[in-house]
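*Asks:* One structure, pasted below without further comment.
The values are calculated or read from the model by the stated rules, or taken from the named source; none is laboratory data. Treat the numbers as computed from the prediction; the structure is a model and nothing was measured. Please note: Cβ atoms are built from the backbone with ideal geometry, for glycine as well, and neighbour counts cover all protein chains shown.
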């Protein structure tokens with residue numbers, strides 16, 4: 001009986017693993033469908049297929065980091081799935097490249113002037129719009145500050161000024177450097193709001209600049 005089992009085991013060990021069926025990707029596949037299929041096959045453990053979809057995605061002529069990020073945002077587990085694949089799968093290299101594209105999209109979106117201006121306008125909306133606008137402006141961090149200061153200097157945008165003044169400290173430490181740079185402006189009213197924002201953020205590096213203004 002044991003001998004029979006050993007022989008059977010030996011036969012299984014020597015049997016070649018069946019080749020995975022070839023992955024056929026539609027020539028008209030979109031960035032969104034490729035990303036969705038990549039995640040789907042990765043999650044069910046079909047890594048050969050997942051890798052093929054990932055490579056097709058990365059080579060797609062319409063691949064745009066910001067648009068891919070918007071697609072990924074609709075799947076709350078997308079980034080976590082990529083991190084798991086990078087750490088624990090045979091397709092970690094492809095997953096890392098996809099994640100790099102998402103990181104690039106995140107940086108580009110943070111810097112987008114159109115997006116920042118749109119969120120500044122949304123500060124004047126209803127409470128929910130204001131909340132999400134503040135969150136998105138905080139995501140833009142230091143890149144949002146020049147646009148916010150410019151809007152504070154615009155008398156035609158006076159209705160937004162109270163909410164911008166309230167939002168400035170909410171940007172946190174990333175906003176300190178551009179806020180310090182804004183202290184050189186000649187508009188005393190706006191400069192006082194900048195000083196107040198720096199005081200609320202409470203970052204020690206701003207203290208020498210504030211002391212210089214007092215002196």
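*Asks:* One residue is enough: does segment 50-62 have a residue meeting the conditions in a helix (DSSP H, G or I) and surrounded by fewer than 13 Cβ atoms within 10 Å (Cβ to Cβ)?
*Replies:* Yes, segment 50-62 contains at least one residue that is in a helix (DSSP H, G or I) and surrounded by fewer than 13 Cβ atoms within 10 Å (Cβ to Cβ).
*Asks:* Can you name the residue in segment 38-49 that is more than 14 Å from residue 99 (Cβ to Cβ) and crowded, with 17+ Cβ neighbours inside 10 Å and, of all such residues, is nearest to the chain's Cα centre (by Cα)?
*Replies:* The residue in question is 41.
*Asks:* Now, a different point. Any residue in segment 24-32 that is more than 22 Å from the chain's Cα centre (by Cα), in the same structural domain as residue 106 (by TED's automatic domain parsing), modelled with pLDDT of 95 or more and in a helix (DSSP H, G or I)?
*Replies:* no
*Asks:* Also, I was wondering about something else. If we keep just the residues of segment 154-179 that are more than 26 Å from the chain's Cα centre (by Cα) and assigned to a helix (DSSP H, G or I), which is nearest to residue 122 (Cα to Cα)?
*Replies:* 160
*Asks:* Looking at this structure, is residue 104 within 30 Å of residue 164 (Cβ to Cβ) and assigned to a helix (DSSP H, G or I)? Working first, answer last.
*Replies:* Working: within 30 Å of residue 164 (Cβ to Cβ): yes; assigned to a helix (DSSP H, G or I): yes.
Against the criterion (within 30 Å of residue 164 (Cβ to Cβ) and assigned to a helix (DSSP H, G or I)), residue 104 qualifies.
*Asks:* Taking into account only those residues within segment 76-96 that are in contact with a helix residue (DSSP H, G or I) (Cβ under 7 Å, 6 or more places away or on another chain) and assigned to a loop (DSSP other than H, G, I, E, B), which is surrounded by the most Cβ atoms within 10 Å (Cβ to Cβ)?
*Replies:* 91
*Asks:* Also, I was wondering about something else. All but one of (1) closer than 30 Å to residue 178 by Cα; (2) over 16 Å from the mean Cα position of the chain (by Cα) hold for residue 87, so report the exception by its number.
*Replies:* (1)
*Asks:* Let me ask something else about it. Looking only at residues that are over 14 Å from residue 168 (Cβ atoms) and touching a residue at least 24 places away in the same chain (Cβ under 8 Å) in segment 113-129, which one is surrounded by the most Cβ atoms within 10 Å (Cβ to Cβ)?
*Replies:* 115
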